[in-house]
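The values are calculated or read from the model by the stated rules, or taken from the named source; none is laboratory data. Computed from a predicted structure; not experimentally measured. Note: ideal-geometry Cβ built from the backbone for every residue, glycine included; neighbour counts use all protein chains shown.
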Amino acid sequence: MKGGADLKQVWVFAEHQAGQWASVTRELLTAGRNLADRLAGELGVIVVGDELEDLIPTLSNWRANRVFLVQPKGLSFYHPLVYTETITEMVKDLGCPEMILFGATYLGRDLAPAVAARLGTGCAADCCELKLDEQGNLLQIVPGLGGTIFATIVTPNHRPQVATVKPGMLEGEISSLEEKAGIEMPLEIIRVEARIPKNSHAVQLREVRRKPAVEAKLEVAQRVVAGGAGIGNKEGWTVIEDLAKTLGAVVGATRPAVDEGWAEHDQMIGQSGKTVRPELYIGIGISGDMMHTVGIKGKGILVAINQDPKAAIFKQVDYGIVADYRVIVPLLMQEIKNNA
Amino acid sequence: MRPLRIAVCVKPVPDPKQSSSFQIDPVSKTLVRKGIPLVINPLDRHALEAGLRLKESAGGNVTVFSMAPPAAEQTLTETLAMGADEAVLLSDLHFAGGDTLATARVLAAGLKKMGDWDLIICGAESFDGGTAQVGSQLAVLQGLPWITRVRHLEREDDAHLLVTLEDEVEQRDLLVQMPLLLTVDSAVNQPRRLSLLGILAARKRKVTTYNFNDLGLDKNTIGLDGSPTQTRELFTLESSKKVEMLTGNPQQIVAELFTKLGL
C-alpha cells in the first residue's frame with residue numbers, strides 16, 4: 001500500500017443506500033478518522049457497489065486516505081459468502097489493519113463476526129462507544145449481561161480488532177470533524193476484485209421487495225410510547241397503541257414484548273433495536289433493563305408506569321408512577337381528549 | 001421429499017421474564033444467577049420449531065446441541081419434550097468463559113462428532129449476550145453457507161430452501177442450497193407449547209453429554225483463555241435523572257402528569 005505500509009491502518013466498511021451513506025457510515029467515518037489520528041495512522045474505507053461516482057469523493061470530508069472499491073459483477077444484493085471472502089482476502093493481501101469497523105446493521109452484524117471468525121480474531125457487537133487505551137488497544141464499550149451492565153471488550157492479542165457500532169450512538173461528533181475538512185487530501189482509490197468462493201452458488205436471490213416506507217419512524221419520533229413485558233397480553237398492547245395514537249406518538253417495545261409477538265422487531269428500542277431521541281418518552285410495563293434503556297438518548301422527558309415499585313426504570317426517568325397501566329392510561333387518554 | 005438431518009443449537013439463558021430481579025454481584029461483577037431459573041433462549045425455541053416442522057413435513061431427525069454448564073440438562077430435556085429426537089450437552093470447565101468464537105468452536109466440534117448435517121438452525125441472537133455472532137461464526141468454522149435472521153422458511157425441493165430475510169430497507173427471498181446454517185428471527189413461526197404427554201415422555205429420556213476429552217479440541221482455542229476478546233471492565237451507568245414519583249389516587253396522578261408534561 002502506497003505510503004501506508006508502516007502506518008497503523010483503520011478500516012471502515014461504508015454502507016450506502018440509494019446513493020447516500022447510511023447514517024451509521026457517517027458516524028463510523030468520524031470515529032474511524034479520530035481513531036486513525038490518535039494512532040498517527042491512516043483511514044481506509046471499504047466500499048462495495050456500482051454508480052458511486054458522486055459519493056466516493058465525499059470521503060475527503062473525513063480525510064480518508066484511501067478507498068477500497070469492490071464492484072462484484074452481477075451481484076446486486078448482500079451475499080454473505082462473497083463479502084466475507086473478499087474482506088478476508090483484503091486483510092491478507094493488503095496488510096492487516098489495526099481494526100475494521102462495521103455498522104451494527106443487518107449487513108454489519110452478519111458480516112463482521114464472519115470475517116472475524118475467518119481471521120481467528122475477536123469481534124465486539126453493538127458497541128456504543130469506542131476509545132483507545134495507552135497501548136493503542138481499542139476499548140469497545142458494549143451493553144452486556146442481560147442489559148444490566150456495560151462491559152469494556154478488548155482484543156489484545158489479535159488483529160484486526162473487529163467491531164460493529166450501533167447506529168445513533170456516536171452522533172454529535174460529525175459536525176465538529178466536517179468543519180476541519182477543507183484540507184485537500186488526495187484520495188487514493190484501490191480497486192479490489194471481489195472473491196467468489198466455490199460454494200457461493202448456494203445462495204441465490206429470488207426476489208426483492210422494498211419495505212414500505214415506515215410511516216412514523218422511531219428514530220426521529222418526537223414522542224414515543226413504549227411497552228414491555230408488564231403489558232401482559234395482546235389486548236393490553238392495544239392500550240399502548242391507543243395511547244400512542246392519542247399522543248401522536250410512535251409505539252416502541254422492549255425485546256420481551258417483541259418476543260411475545262405483541263410488537264414487530266422494527267419497533268424494538270435498545271441494544272439490538274432502535275435508538276430514540278424523543279422529547280417525551282412514556283415507558284409502560286418496562287422493568288428498565290439497560291438492554292432497553294441504552295436505546296433512549298437525548299434530553300427529553302421520561303415517564304415510567306409500572307406496578308413494581310422496585311423496577312429499575314424508576315431510577316432512570318423524570319416521572320415515575322407505580323400503578324396499573326390499565327387504570328392510568330385510559331384516564332390519561334380521557335384527560336388529553338377533554339383538554340383537546 | 002428427502003428426509004433431513006437437522007441440528008438445532010440452543011442456549012440456556014436466565015428467564016427474561018425475571019429480568020427485573022437480575023442483580024450484579026458487586027465483587028465479581030457477574031450476574032447473580034442464584035434463584036433465576038434457566039430457560040431456552042426465546043429465539044432458540046423458534047429455531048427448534050423450524051426444525052421440527054421441516055422434520056414433520058418430510059421426515060428426518062432433529063438433534064439439539066447446547067454448550068452450557070451441567071445444570072442446563074433440565075433445560076435440554078424441555079427440547080426433547082417439544083419433539084427433538086436427541087439432545088446433546090457440551091459441558092466442561094474448559095469451555096467456560098468463552099466468547100462467541102470460542103463458543104462456536106465447541107459447537108462446531110460437537111456437531112462434527114455426530115456426523116454431517118443438512119441444516120443447522122440457531123436463534124438469531126441470545127437474550128443475555130445479544131451479539132448475534134455465534135450463528136455466522138459457526139457456519140464459517142464449518143465452511144458452510146449461512147443466512148441470518150430468517151423470517152420465513154419453506155422447503156423448495158430436495159436440496160433447496162426458500163428463505164426470507166429483512167434488512168433496513170428491503171425484504172429478500174433467497175433460494176439457498178443445503179447443507180447450510182440458518183439463524184431465525186421470532187417472525188419465522190410460533191413455537192409450540194409443551195404438552196403434558198411430551199413432558200412425561202421426555203423425563204425418561206437421557207441427554208447425551210460430551211466433555212472436553214470427547215471433542216478433541218485444542219485447549220488454547222476454547223474457553224476464557226482461547227477467546228480473542230476479553231472483558232476488561234464491567235460497569236453500570238448511574239442515571240443522572242432526579243426522579244419524581246407521582247402519587248395519590250389515579251385521577252390525581254393523571255391530572256398531575258398531564259400538567260407536568262404540559263400536554
Worksheet item: If A:LEU139 passes every condition in (1) in a strand (DSSP E or B); (2) more than 10 Å from every other protein chain (Cβ to nearest Cβ); (3) surrounded by fewer than 22 Cβ atoms within 10 Å (Cβ to Cβ) but one, which one does it miss?
Response: (2)
Discussion item. Quick check on my filter: what residues within region B:221-263 are among the aromatic types (Phe, Trp, Tyr) and farther than 25 Å from A:LEU132 by Cβ?
Written reply: B:PHE258
Worksheet item: Which numbered condition trips up A:ILE190, out of (1) in a strand (DSSP E or B); (2) at pLDDT below 95?
Response: (2)
Item to complete: Those residues that are of a type in the set (Lys, Arg) and within 15 Å of B:ALA87 (Cβ to Cβ), I need them from region B:38-58; list them, please.
Response: B:ARG45, B:LYS55
Discussion item. Just to be sure I understand, how many residues within region B:71-87 are surrounded by fewer than 22 Cβ atoms within 10 Å (Cβ to Cβ) and assigned to a strand (DSSP E or B)?
Written reply: 1
Item to complete: Assess whether B:LEU175 counts as being touching a Lys or Arg at 6+ places or on another chain (Cβ under 7 Å), farther than 19 Å from B:ARG45 by Cα and within 11 Å of another protein chain (Cβ to nearest Cβ).
Response: yes
Item to complete: Provide a single number: the residues in region B:143-181 that are buried (at least 19 other Cβ atoms within 10 Å of the Cβ) and either part of a strand (DSSP E or B) or of a type in the set (S, T, N, Q) (or both).
Response: 15
Worksheet item: With B:GLU256, B:GLU244, B:GLU233 as the choices, which residue is more than 7 Å from chain A (Cβ to nearest Cβ), within 28 Å of A:ILE296 (Cα to Cα) and surrounded by fewer than 19 Cβ atoms within 10 Å (Cβ to Cβ)?
Response: B:GLU256
Discussion item. Against the condition in contact (Cβ under 8 Å) with a residue 60 or more places away in the chain, within 26 Å of B:LEU101 (Cβ to Cβ) and surrounded by 23 or more Cβ atoms within 10 Å (Cβ to Cβ), how does A:LEU111 come out, does it pass?
Written reply: yes
Fill in: Checklist (1) touching a residue at least 40 places away in the same chain (Cβ under 8 Å); (2) in contact with a strand residue (DSSP E or B) (Cβ under 7 Å, 6 or more places away or on another chain); (3) within 7 Å of another protein chain (Cβ to nearest Cβ) applied to A:ILE301, failing item
(1)
Worksheet item: Filtering region B:39-65 down to residues that are surrounded by 21 or more Cβ atoms within 10 Å (Cβ to Cβ) and not in a helix (DSSP H, G or I), which residue is nearest to the chain's Cα centre (by Cα)?
Response: B:ASN41
Worksheet item: Inside region A:86-105, can you point out the residues that are of a type in the set (D, E, K, R) and farther than 23 Å from A:VAL24 by Cα?
Response: A:GLU89, A:LYS92, A:ASP93
Discussion item. Filter region A:118-140 down to the residues that are of a type in the set (A, V, I, L, M) and touching a residue at least 40 places away in the same chain (Cβ under 8 Å) and list them by number.
Written reply: A:LEU119, A:ALA124, A:LEU130, A:LEU132, A:LEU138
Worksheet item: Of (1) free of Cβ contacts under 8 Å to residues at least 24 places away in the same chain; (2) of a type in the set (Val, Ile, Thr); (3) away from every other protein chain (no Cβ under 14 Å), B:VAL207 satisfies all except one. Which?
Response: (1)
Fill in: Subset of region B:103-128 that is in contact with a Leu (Cβ under 8 Å, 6 or more places away or on another chain) and among the small types (Gly, Ala, Ser) - its residue that is surrounded by the most Cβ atoms within 10 Å (Cβ to Cβ)
B:GLY123
